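Remarks on the structure that follows.
The values are calculated or read from the model by the stated rules, or taken from the named source; none is laboratory data. From a predicted model like this one, the values you see are computed outputs, not experimental measurements. Note: accessible area is taken over every heavy atom of the protein model, side chains too, but ligands, DNA and RNA are not part of it. Shrake-Rupley method; radii C 1.70, N 1.55, O 1.52, S 1.80 Å.
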Amino acid sequence: MTATNDRVLYEVRDRIARLTINRPEKLNALDRLTMEEIDSAVASARSDDTVGVLIVSGAGEKAFVAGADINELATQSPVAGMSYARAGQAILSRLEQLGKPSIAVIKGYALGGGLELALACTLRIASDTAKMGQPETALAIIPGYGATQRLARLVGRGKAMEMILTGDPIDAREAHRVGLVNRVVALAEIDQAAETMARAILSRGPVAVRLAMQAIHEGLQMTLEEGLSLEAALFGLSCATDDMKEGTRAFIEKRKPAFKGR
């Protein structure tokens, strides 16, 4: 399946969906229409049972997404600004809660809304040329698509404060050191690295992958004891699946499992 809109490309091949922001002339900046097309592609990935992993990238090598469209930002009133932020937050929350792993492939700049898009993905791979940051305070605004919340949860309060208050970008190595990205690879190797990671995930039990994501995501909003209780309940659910029986049987028989997702 392949779908082409003005701003977003979407295709599915061999259980991997690929969403590409396609505005290289604007460094893949996010305007309202682009966000709506991202939302549509994410909805397609959610409803397609053949999709196991979503890979999110930006067209070209200069930028993943260099930020929001400044022309749109400049026109925001207080009421419109809040509505603008809530609409973007809802779209990225739907990506975060896709129920299937998503991998951000960060080439070049991931700034402002671009980094917030990457933060809503399950995993992040950066090229060694990547630069990431939240420069909104230079425009006398704050991040509005979730960075004050997701960035702090990912890298800790202190580093998130530094990145947001100074607006200074960090390079890929520093991003990896603080846990913002999972891997750093050479630019020429990043697409293959994302494919390899996606294939590794696809080789695992799909129900177990979904339940593990649920345990981590929801557990982080709970106390430790509540999170442990959730983990135990979801572990019990995983033990009730046909895939669990197949996985343990295949291990004993020293063969590759044939998971069915049930």
Before anything else, pin down the relative contact order of segment 197-262: Cα pairs under 8 Å, at least 6 apart, normalised by residue count, whole percent.
36
Given that just one value was derived from the coordinates, which of (i) 59, 52, 36; (ii) 51, 50, 33; (iii) 61, 43, 35 is Cα extents along the principal axes in Å?
(iii)
At 222 nm, what helix-only mean residue ellipticity would the chain give, in deg cm²/dmol to the nearest 500, using -39500 (n - 2.57) for each DSSP H run of four or more?
-14500 deg cm²/dmol
Scan around ARG124 for amide H atoms under 5 Å from its own, H built in the peptide plane at 1.01 Å from N, and keep only partners 5 or more places away or cross-chain.
ALA104, ASN182, ARG183
Can you list residues whose amide H is under 5 Å from THR129's amide H, if they're 5+ apart or on another chain and H is modeled 1.01 Å from N?
GLY108, LEU187
In segment 92-230, what percentage of the DSSP-assigned beta bridges are antiparallel, given to the nearest 5?
15
Report relative contact order for segment 159-238 in percent, whole number only (criteria: Cα-Cα under 8 Å, sequence separation at least 6).
16
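What helices does the chain have that are whole DSSP H segments, at least 15 Å long along their own axis by Cα, and with mean Kyte-Doolittle hydropathy of -1.0 or more?
Sorted by number, the helices that extend far enough and score high enough are 32-47, 78-96, 190-202, 206-219, 224-239.
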Would you kindly find the accessible area of SER44, with a 1.4 Å probe and non-protein molecules such as ligands, DNA and RNA excluded, rounding to the nearest 10 Å²?
40
Using a 1.4 Å probe on the protein chains only, how many percent of the accessible area of the chain belongs to carbon and sulfur?
56
Quick one: Cα centre-to-centre distance for segment 140-215 and segment 60-107, in angstrom?
15
